[in-house]
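Just below is one structure, and these are the notes that go with it.
Only the coordinates and a few stated rules stand behind these numbers; no lab work does. Worth saying up front: this structure is predicted, and the values here are computed from it rather than measured. Heads up, the Cβs are rebuilt from the backbone with ideal geometry, glycines too, and the neighbour counts pull from every protein chain shown.
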Amino acid sequence: MDFDAIVRADLAIEIMNQGRSLLSARLHDIDDGDPVETERLRSRRRDLLALQHGVVVGMPETVEPLIAEWGPRVRDEERFWREL
């Protein structure tokens, strides 16, 4: 297995973890006070987990789009929430 492919897949997975972490923190903050928003955020968190599970080492088509799309979002929390 190509080392660079492993590193890129790990990076994509970490980006998804960071996105899910942002969602989890927001869910903790609203503490079921808004059931509709709670379900929306939980649904989005499940979506990110599904994307993460689709990452396959050595298949850049499963890795690079996640890095390109979600990397900038998780680095900028305001952007993350705006584009979510």
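If we count every other residue with Cβ under 14 angstrom of Arg46's Cβ, Lys/Arg +1 and Asp/Glu -1, where does the sum land?
In short, +3.
If the elastic network links every pair of Cα atoms under 10 Å, which of Arg40, Arg20, Arg73 fluctuates the most in the Gaussian network model of the chain?
Maximum among the listed residues: Arg40.
Under a 10 Å cutoff between Cα atoms, tell me which one of Ile15, Ile30, Ile67 has the largest fluctuation in the Gaussian network model of the chain.
In the Gaussian network model the winner is Ile30.
Provide, for q = 0.11 Å⁻¹, the log10 of I(q)/I(0) from a solvent-free Debye sum over equal Cα point scatterers in segment 12-82.
Rounded to two decimals, the profile gives -0.28.
Considering Cα pairs under 8 angstrom that are at least six residues apart, work out the relative contact order of the chain and quote it in whole percent.
The value is 43 percent.
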